[in-house]
Amino acid sequence: MTDYYQLPPPEKKKRSLVWLYLLLLLLFLLGLWVTWWSLRLQPGEIGEDPLLTATAMPAAPLVRMVPPAPVPVPEPVITAEAEPEAPVVEPTPEDAAEPEPPPPLFSDVRWRETARFTGTDAAGRSAEFTAYVLVGDETWTYSRADSIFAAGLSEPVETAFEKLELGAGICDLTGVIAVGAASVEGTSVQNTFLSFTRGHALRAAIGANLPCEAGALPTGVLDLGYSRADVTCPAGKAICPELTAPQRPIAMILADAEDPETDIGQALQSGIAAHEASGADVLPGVKVSDYSAFDLR
């Protein structure tokens, strides 16, 4: 009989060690996989939410910084010193009674203005008139219709055609009227012829010297005939042209009417009559009412 103490020790179960080996192997493999996964990730990717990363957020629009425009500095306003106001001078009764003469219609030193007046025709239409004569004592030469005479000289000094120099302002008027007149010496037939010839000679001279376009300003003739005013000549003389020279004026009358239908002849006659009735002269030294005719053509 075998002794108990001499029996071999019972065999230990090897199955428990196998499971331990398997567990260690599994842990080892798990470590290898974790190590491989950690090497696969990029820096900064571990534990980051893709919605919160900088790459997942939309890029902000690029805004160009424009420097603010410089604010203009207003220039200092320089105010001129106020000039002292001129004292107001109240017009005196004498000043009101003597108004300044109107300016001439055109500037020409060869013509002298002698009168301004207004006339109306039968229909009540008005026209303004201005009378001019050659400066000085120049008149038509006695018994001539082509030269002028200066008082105190025995010979003609110039022809009327050479004395006419008209200003540009005349072109804005309605018309210009050349005056033809003769003095009291001689027969009525001779003087009537002289008046007619002088008026038309002056009209032709004016038309040739107008600074206007051809036909722009109508011209006419006022034929006054001859003067019927008596002139007392020195003893022993039948005629005295030096005393009757004012009766032969070299004159023209400018007309200006707003209404083109105005009858210039009627308006001129009424205007001269009213002007002379007031005691004023249209032509220097004579009265138009003393002449034998009033024929405007």
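No lab work stands behind these numbers, since they all come straight from the coordinates. It should be emphasised that the depicted structure is a prediction, and the values quoted were computed from it without experimental measurement. Virtual Cβ from ideal backbone geometry, glycine too; neighbours counted across all protein chains shown.
Find the relative contact order for region 113-296 and round it to a whole percent, using C-alpha pairs within less than 8 Å whose residues are 6+ positions apart. Write down the numbers at each step before the final one.
Values: 389 pairs, mean separation 61.7, N = 184.
Result for region 113-296 is 34 percent.
Could you check the simple spin-label distance between Lys237 and Ala123, using points 7 Å along Cα→Cβ, in nm with one decimal?
5.0 nm
So what is the orientation-averaged projected area of region 113-296, using the convex hull of its C-alpha atoms, in nm²?
Numbers: hull surface 42.0 nm².
The number I arrive at for region 113-296 is 10.5 nm².
Report the full-extension gain for the segment Thr35 to Phe193: residue separation times 0.36 nm, less the Cα-Cα distance, to one decimal in nm.
On the way: separation 158, 0.36 × 158 = 56.88 nm, distance 14.80 nm.
Gain on extension, Thr35 to Phe193, equals 42.1 nm.
Charges on Cβ only, +1 for Lys and Arg, -1 for Asp and Glu, centred on the Cα centroid of region 113-296; of Ser126, Pro249, Ala216, which one is farthest towards the dipole's positive end?
Toward the positive end, the furthest listed residue is Pro249.
If you stretched the chain out fully between Ala208 and Asp172, how much longer would it get, using 0.36 nm times the residue separation minus the C-alpha to C-alpha distance? Please list the in-between numbers first.
Details: separation 36, 0.36 × 36 = 12.96 nm, distance 1.70 nm.
My answer for the length gained is 11.3 nm.
State the extension gain, in nm to one decimal, for the chain segment bounded by Arg112 and Asp290, taking 0.36 nm per residue of separation less the distance between their alpha-carbons. Write out the running numbers ahead of the final one.
Values: separation 178, 0.36 × 178 = 64.08 nm, distance 2.22 nm.
Extending this stretch completely gives an extra 61.9 nm.
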